[in-house]
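To start, the structure under review is shown below, and the notes come after it.
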Amino acid sequence: MATVECRSIRKVYGALEVMRDFNLQVDNHEFVVFLGPSGCGKSTMLRMIAGLEDISGGDLLIGGQRVNDRDPGDRGIAMVFQNYALYPHMTVRENITFGLERAGIAKAAIDERLAPVVEALGLGVYLSRKPTELSGGQQQRVAIARAMIKTPEVFLFDEPLSNLDAKLRGNLRVEIARLHRDLKTTSIYVTHDQLEAMTLADRIVLMKEGRIEQMGTPEEIYQEPATLFAAGFIGTPNMNFIELDASDGLLQDHSIKLAAPFALKSGPVTVGIRPGAMRLNQTGGALRGQVERNEFHGETRLVTIRTVKHEINVAVPASTRVHEGETIGIDVDSCNLHLFDPKSETRLRQ
Ligand SMILES: Nc1ncnc2c1ncn2[C@@H]1O[C@H](COP(=O)(O)OP(=O)(O)OP(=O)(O)O)[C@@H](O)[C@H]1O
Ligand SMILES: [Mg+2]
């Protein structure tokens with residue numbers, strides 16, 4: 001098992017710079033998730049680590065060795081892609097063991113390695129089937145098995161679950177988490193699905209436009225988003241943002257009180273409030289407005305309230321009685337506010 005280190009990595013396609021000054025140290029055994037919107041450079045970075053894409057600048061170290069110019073096959077990595085690309089004419093067993101056979105490993109040794117992999121992924125009953133005789137989720141498990149049997153130093157996953165339906169994604173996500181708990185292989189996992197990121201990652205690397213926006217544990221990024229982008233990207237339903245003028249400890253035109261030391265600050269401020277950090281108030285409230293939408297989500301309902309200047313989403317228990325069109329108040333807990341400088345879009349720290 002190994003560490004992965006990216007030192008000032010850069011990637012250009014002609015005149016287009018898609019990755020700038022990317023610095024990251026992935027520890028041995030760590031599970032790191034690259035999270036970010038489409039086009040931010042997640043796959044490009046992963047493919048540079050895998051050796052499938054040239055590195056335009058900087059150093060890539062795996063296990064402390066500089067590997068910029070090393071072939072993919074000599075980097076000790078195994079990769080699982082979104083399109084699992086199994087060989088259709090081979091059985092499941094052959095698909096899994098093909099790489100080892102080609103490497104000249106003896107049949108007995110291959111069988112020994114196959115057993116625990118098949119066991120971990122529940123593929124025992126499918127070994128003699130062809131890929132076309134499997135569901136999408138089963139095919140993806142075969143692709144993961146094919147990577148696992150190589151016992152790599154580092155696992156790289158590029159959106160391995162995005163072709164699957166919600167239930168299968170959930171099941172396979174649990175299997176990947178279990179796999180990592182058992183094998184502890186250093187892993188880098190690319191996704192734009194924040195639920196996958198939050199549940200799998202030891203550490204999330206949140207990316208935007210070819211650079212790192214914020215790095216931290218899922219809890220750190222959720223509880224202390226460093227920028228407006230991070231605050232808006234993590235958390236479902238999305239955080240509400242209210243642009244306000246803070247003076248005298250009061251957010252003007254609303255009666256939201258700010259706790260010290262923000263109370264001393266004046267001038268414009270963007271306030272972020274998660275939908276779950278507010279309560280409805282029939283008669284009073286820091287903000288008041290009209291109920292525009294009332295969506296039933298199962299355990300909760302998401303109530304959209306239009307105030308004079310804003311549209312605010314509040315998550316309340318599903319049993320709450322609320323009707324579209326009625327006027328209602330919102331109570332805000334000042335401890336649960338996230339404050340940002342609207343110019344720099346960065347968090348105002350205490
Ligand atoms: N061969 C290429 N030539 C030019 N530009 C490219 C090439 N490959 C990727 N790009 C650009 O690099 C940027 C990063 O692409 P990348 O595939 O890494 O994004 P991503 O974060 O994986 O997105 P997605 O979530 O959609 O898979 C994009 O703007 C893309 O258009
Ligand atoms: Mg991608």
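Brief remarks follow.
- Applying 1/(1 + (r/R0)^6) with r as the Cβ-Cβ distance of Tyr87 and Asn171 and R0 = 25 angstrom yields a FRET efficiency of 0.55.
- Within the listed set Gly235, Gly298, Gly39, the Gaussian network model of the chain (springs between alpha-carbon atoms below 10 Å) gives the highest mean-square fluctuation for Gly298.
- Between Glu119 and Leu16, the FRET efficiency from the beta-carbon distance, with R0 = 56 Å, is close to 0.75.
- Charge dipole of the range 307-350 about the Cα centre (unit charges at C-beta), most positive-ward option of Ile330, Ala315, Thr346: Thr346
- To the nearest ten degrees, helix 107-121 and the longest principal axis of the Cα atoms of the chain are 20 degrees apart.
- The angle between the Cα long axis of helix 136-148 and the main principal axis of the chain comes to about 60°, on a 0 to 90 degree scale.
- Karplus 3J(HN,Hα) series, Hz, for the range 311-327 with 6.51 cos²θ - 1.76 cosθ + 1.60 (x for Gly, Pro): 10, 10, 9, 10, 9, 10, x, 4, 6, 4, 8, 8, 10, 4, x, 6, 8
- Computed over the chain, the percent of Cα pairs more than 32 Å apart is 44.
- Potential lengthening of the chain between Asn68 and Thr217 amounts to 50.8 nm, from the contour at 0.36 nm per residue minus the alpha-carbon distance.
- Between 0 and 90°, nearest 10: helix 92-102 axis offset from the chain longest Cα axis: 60
- Amide hydrogen neighbours beyond the local backbone of Arg274, cut-off 5 Å, H modeled: Asn240
- Only helices enter this figure: runs of n ≥ 4 DSSP H residues, each worth -39500 (n - 2.57), summed and divided by the residues of the chain, yield -7500 deg cm²/dmol at 222 nm to the nearest 500.
- Estimated vicinal HN-Hα couplings, Hz - the range 10-24 in sequence order (Karplus 6.51, -1.76, 1.60; Gly, Pro = x): 10, 9, 10, 10, x, 8, 8, 8, 9, 9, 10, 6, 8, 10, 7
- With the simple model of a label 7 Å out from the Cα in the direction of the Cβ, Asp54 to Ser334 spans 5.8 nm.
- Cα centroid separation, the range 57-111 to the range 115-174: 15 Å.
- DSSP-defined antiparallel bridges as percent of all bridges, the chain, nearest 5: 75
- Using the 1.4 Å probe convention, the accessible area of the chain works out to 48 Å² per residue with neighbouring protein chains retained.
- Here the accessible area of the chain is 48 percent carbon and sulfur, with a 1.4 angstrom probe and all protein chains present.
- DSSP-loop trypsin sites (Lys or Arg not before Pro) across the range 59-123, with at most 16 other Cβ within 10 angstrom: Arg70
- Each of Ser8 and Asn23 was given a label point 7 Å from its Cα along the Cα-to-Cβ line. The distance between the two points is 1.0 nm.
- Point-charge dipole on Cβ atoms (K/R +1, D/E -1) for the chain, about Cα centre, debye to 20: 420
- With every protein chain in place and a 1.4 angstrom probe, the accessible-area ranking of Asp341, Asp54, largest first, reads Asp54, Asp341.
- Given Lys208/Lys343; Lys309/Lys343; Lys11/Lys150; Lys107/Lys184; Lys184/Lys208, the pairs whose alpha carbons are separated by over 24 Å: Lys11/Lys150; Lys107/Lys184; Lys184/Lys208
- Measuring only protein heavy atoms, the 1.4 Å probe finds Arg181 accessible over about 150 Å².
The values are calculated or read from the model by the stated rules, or taken from the named source; none is laboratory data. None of the values given here were measured: they were computed from a predicted structure. Heads up, the Cβs are rebuilt from the backbone with ideal geometry, glycines too, and the neighbour counts pull from every protein chain shown. Quick note on the areas: whole protein, heavy atoms, side chains included, nothing else; ligands and nucleic acids left out. Shrake-Rupley method; radii C 1.70, N 1.55, O 1.52, S 1.80 Å.
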